[in-house]
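First up is the structure itself, then whatever we jot down about it.
The values are calculated or read from the model by the stated rules, or taken from the named source; none is laboratory data. The model shown is predicted, which means the values in this text are computed figures rather than measured ones. Cβ placement follows ideal geometry from the backbone for every residue including glycine, while neighbour counts extend to all protein chains displayed. All accessible areas refer to the heavy atoms of the entire protein, side chains included, with ligands and DNA or RNA removed. Shrake-Rupley method; radii C 1.70, N 1.55, O 1.52, S 1.80 Å.
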Amino acid sequence: MVKRARNPASGGMRYAPALAAATFGLYVLCTSSPGWAALRAHIDRQTVSEGDTLTLTIESDQAQSQDRPDVTPLRKDFEVLGTSTNSETSIVNGSRSDSTSWLIQLQPLHTGTIDIPPIAVGSEHTSAIELNVTKVSPQQTKQTSAHVFLEVEAPAADKPVYVQQQIPYTVRLYYDDTVQSGDLAAPDPENAIVEQLGQENRYTAIRNGHEYKVIERHYAIAPERSGTLHIPPASFRGTMLVASDSQGNADQADDPMERLLRGTPFANDPFFRGSFGSGMALGATAQPVDIRSQEIALEVQPLPAGVHGSWLPAEQVTLHDSWDDNPPRFKVGEPVTRTITINAKGLAASQIPSLSFARPANARVYPEASGNQSRTDGNVIYGISKQSVTYIPTAPGTLDIPPVELAWWNTLSNAQSRAVLPAREFKVEPGAAAGQSNAVPPAPASAPPRATPAATPVAAAQPPQGTSLTERLQQHRAWFASGAALLAMAVLSLVAFRRWRRPGLKSAPAAAPALSVPERKAAMRALQQACAGNDSNAAADALLDLARAEWPADPPRGLGALAARLEAGGREVSALDRILYGTGALSWDGSALWDAIGPGLQAQRSENMPKDDGLGALYP
């Protein structure tokens, strides 16, 4: 990808260090949660097969020191292949933060459940982690003779799956040195949304004594309708090198180097096989390869009977109240803000609804816009929604805050659950203006006139009563003439200066007519109102109006084309399109669309366009 050079005169490059520091600080803030220890550890995969490698990452919120992880306890169950260290420092708004991470490459020595013990770094220890090491299945053993093959994982067919539930889906591509390049494509099921979770993992694995390179990707598939969901095969298309005989028939066993080394002590030497065999065989030719995984069918259940409130299928939902960390103090007329953080495991942030805050008898309540974010650990998607509300007491005494409840469906226990924050009671103290908290401020017209210096009497500065507007203008015509002359001189000077700076600049051709700023703002207001009222048809009209304002020369022809063009919000626009033109009876909630589109329409970068929804070259 070619990057455009920045003009030093523009000053844009001056902000690159600050932008990088701010981005890292925001990442640390969003990925951290209350109660995290200074030292933590995680692995890139919870389940591995016999012979696979994995990465144990240990992270510290402290700057790098002389302390190093003690890997001695790991050698009981693992072969420690190597360790690397990474340290970062960021300064955001004058506040400095440091972090250090150690990446430890491991290979299990046996199958079964292995407890990765706590690892000491100085005086601190990580928590234990459970790892499952499985035997190679008969299906995998049968495929070991191939140079490249695919494996996919999805929930068991007997496990209930509901509408809008996040279904984990894993794809693994195994290939050896004969594979030169190719593209790995994710499945594209109908009536479902597919979202990749995190970055892909790359490691090595052994199948029946043969070493493969592995690319592993994790996805979340959210069905939009009940019934049978057909997940089509994941596919890989690429090229591989195969040895050919004099007749042009490809046969790896007839590799000339294989025949030369056959019967010698070097026949099975990995150096000779890796250097002169397979991909580097004499007379090797490129051959296309096209493989596919098996198709998976799952039964998607409709909404269970008796579901109350919003439909939130998740593995876990918790509520955290900022008042638990910092209890407030109430005074009449003074605002107090409360932030409730909703953490949902197995649910995207766009699916989390806005909380309902009941109004106490002696306070005003002002909810604020929520801040939503989705993240993933590579296996599960996590939705985080921060919702704030401001309370302003109107009278002293006791303030009773009603409880906050959020109903959700537990996909693990297959039952309705509730996340609840209990009711609270506070004492409201009298404020500085408690007796005037509800008073209406006096009108500006009734304010007394501002005092004037004694040297300039008011009567002399005011025109006599009964003077007409024409007479006043005539009295000040000299001032108006002078001001007009100065304005004309300023305009002429500006024009002359611009021509002097760009003497050879030709007039640019007239631009294509575009929607004015007021029309774009009107479209945004219409979209906000449609989303607030859950009016899908009005939201579609407003989206297309907004798209025509954003791209007047090349407007998208429909919601599908608009969704493919967006960097953010494409998923929500596609969901709206399915609601409008599908045959299902699902109701539409406009909050997710407004959360995604509210900042404005953003076109995809070239590397994120739909045509690049594959793996790219295996060897960059």
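A few comments on the model shown:
- Any chance ILE193 is among the β-branched types (Val, Ile, Thr), in a strand (DSSP E or B) and more than 21 Å from the chain's Cα centre (by Cα): no
- Per-region count, the stretch 115-133, residues touching a helix residue (DSSP H, G or I) at 6+ places or on another chain (Cβ under 9 Å) and open to solvent by less than 30 Å² (accessible area, probe 1.4 Å): 3
- In the stretch 351-373, the condition of being open to solvent by 30 Å² or more (accessible area, probe 1.4 Å), in contact with a Gly (Cβ under 7 Å, 6 or more places away or on another chain), within 22 Å of GLY590 (Cα to Cα) and without any contact (Cβ under 8 Å) to a residue 60 or more places away in the chain is met by no residue.
- Test for ASP70: is it more than 26 Å from HIS210 (Cβ to Cβ), of a type in the set (Asp, Glu) and in a loop (DSSP other than H, G, I, E, B): yes
- Listed here are the strands (runs of 3 or more DSSP E) enclosed by the stretch 244-342 that have at least 2 residues being open to solvent by 80 Å² or more (accessible area, probe 1.4 Å) and modelled with pLDDT of 70 or more: 285-292.
- Residue in the stretch 165-182 that is nearest to SER413 (Cα to Cα), counting only those that are modelled with pLDDT of 90 or more and more than 24 Å from the chain's Cα centre (by Cα): LEU173
- Of everything in the stretch 98-114 that is crowded, with 17+ Cβ neighbours inside 10 Å and out of contact with any Leu (no Cβ under 9 Å at 6 or more places or on another chain), the residue that is modelled with the lowest pLDDT is SER99.
- If only residues of the stretch 393-425 that are hydrophobic (A, V, I, L, M, F, W, C) and open to solvent by 30 Å² or more (accessible area, probe 1.4 Å) are counted, the one that is nearest to ARG364 (Cα to Cα) is ALA395.
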